[in-house]
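Chemist: Got a structure for you, written out below as structure tokens; questions coming shortly.
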Amino acid sequence: MPYDELMGWFAYFEKRPIEWRDDDRSFKVIQSWGFKGKPWDIFSSLGPIYQTPPSEKFNFNSFKKSFLFKKITEAKHGDKIDFNS
């Protein structure tokens, strides 16, 4: 495995820790029992999941320039979809 690919996997597992879904399910159960804290207070693996940096959030302006957006708007009744809400 090349070094760049290995570093890519390390970066991936920092953003998506192994078995974070199990921790998320457990947190939701604890939350249903009345816990009011943050997910990462109990499970450190949920910190990267719930605290997404602003740079990684969805950029709608770049999506509007994409081929997929063009196809959606050209589809039947695609011109009636309100993308501003």
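Chemist: Before anything else, pin down the relative contact order of the chain: Cα pairs under 8 Å, at least 6 apart, normalised by residue count, whole percent. Write down the numbers at each step before the final one.
Modeler: Numbers: 26 pairs, mean separation 17.7, N = 85.
That works out to 21 percent.
Chemist: In addition: If each of Lys64 and Asp24 carries a label point 7 Å out from its Cα toward its Cβ, how far apart are those two points in nm?
Modeler: 2.9
Chemist: Here's something else I'd like to know. Quick one: putting +1 on the C-beta of Lys and Arg, -1 on the C-beta of Asp and Glu, what dipole do you get for the chain around its Cα centre, in Debye to the nearest 20? Mind dumping the intermediate values first?
Modeler: On the way: 14 positive and 12 negative charges, 103 e Å.
In total the dipole reaches around 500 debye.
Chemist: Also: Just one of (i) 24; (ii) 53; (iii) 29 is percent of Cα pairs over 23 Å apart as worked out from the coordinates here. Which one is it?
Modeler: Label (ii) holds the value from this structure.
Chemist: If the elastic network links every pair of Cα atoms under 10 Å, which of Ser66, Ser45, Ser32 fluctuates the most in the Gaussian network model of the chain?
Modeler: Ser66
Chemist: Straight-line reach from Lys15: which aspartates and glutamates fall under 12 Å, measuring Cα to Cα and dropping same-chain residues less than 8 apart?
Modeler: Within reach: Glu56.
Chemist: If you rank Trp9, Trp40, Trp20 by fewest surrounding Cβ atoms within 10 Å, what's the result? Mind showing how you got there, number by number?
Modeler: On the way: Trp9 10, Trp40 16, Trp20 20.
Neighbour counts put them in this order, fewest first: Trp9, Trp40, Trp20.
Chemist: Treating cross-link reach as a plain straight distance, find the aspartates and glutamates whose alpha-carbon is under 14 Å from the alpha-carbon of Lys64, omitting any fewer than eight places away in the same chain.
Modeler: Glu74, Asp79, Asp82
Every number here is computed from the coordinates shown, using simple stated rules; none is lab data. Keep in mind that what you see is a predicted model, and the values were worked out from it rather than measured. FYI the Cβ positions are ideal-geometry reconstructions off the backbone, even for glycines, and counts take in every protein chain you see.
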